[in-house]
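K.L.:
Would you mind keeping the following structure in view while I ask a few things?
Laboratory data are not the source of any read-out in this text; all were calculated from the coordinates shown. What you see is a predicted model; the values in this text were computed from it and never measured. Cβ atoms come from the backbone with ideal geometry, glycine included; neighbour counts cover every protein chain shown.
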Amino acid sequence: MKWPEDRLTRFEVARIISARALQISVGAPILIKTNERDPSKIAEQEFKQMKIPMTIKRKLPNGQKIIVDIKKATKKWLEENN
């Protein structure tokens, strides 16, 4: 079975947004223009605008490791879930 490298799981999306919100809350620069003050909402907006600079590394059950193209995977997620 080929593991999809261009898709995100709902768990990965939650982890991406929460990790970014934590970064923002401790002073990381905000990558979008917004008047929002809540780090979680800012992180969610950054996710929807595909501005989050992270890398996703998956370790598969067979021991193989893959790196997911986050921009491509985020775009697919947004198309499928909006």
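K.L.:
Within a Cβ distance under 9 Å of ALA21, other residues only, what is the Lys/Arg minus Asp/Glu net charge? List each step's numbers first, then the result.
P.N.:
On the way: positive: ARG20, LYS41; negative: ASP38, GLU44.
Net local charge, ALA21 excluded: 0.
K.L.:
For the chain, what is the relative contact order in percent, using Cα pairs closer than 8 Å and at least 6 residues apart in sequence?
P.N.:
Numbers: 75 pairs, mean separation 29.0, N = 82.
After rounding, I find 35 percent.
K.L.:
Student exercise: in segment 10-81, how many lysine pairs 8 or more apart or on different chains have Cα atoms under 17 Å apart?
P.N.:
Going through segment 10-81 pair by pair, I get 15.
K.L.:
Please work out which option in [x] 1.24; [y] 1.01; [z] 0.96 gives Rg/Rh (Cα atoms, Kirkwood Rh) calculated from these coordinates, and answer with its label.
P.N.:
[y]
K.L.:
Which ³J(HN,Hα) values, rounded to whole Hz and listed in residue order, are derived for segment 29-46 from phi using the Karplus coefficients 6.51, -1.76 and 1.60 in 6.51 cos²θ - 1.76 cosθ + 1.60 with θ = phi - 60°, glycine and proline given as x?
P.N.:
Listing the rounded values in order: x, 7, 9, 10, 8, 7, 9, 5, 10, 6, x, 5, 6, 5, 4, 5, 5, 4 Hz.
K.L.:
For helix 10-25, what angle does its Cα long axis make with the longest principal axis of the chain, in degrees from 0 to 90 and rounded to 10?
P.N.:
It works out to around 30 degrees.
K.L.:
What list of ³J(HN,Hα) couplings, whole Hz, do you get for segment 55-71 from phi and the Karplus terms 6.51, -1.76, 1.60, once you set θ to phi - 60° and write x for glycine and proline?
P.N.:
Per-residue couplings from phi come out as 10, 10, 10, 9, 9, 7, x, 7, x, 5, 10, 10, 10, 8, 6, 5, 5 Hz.
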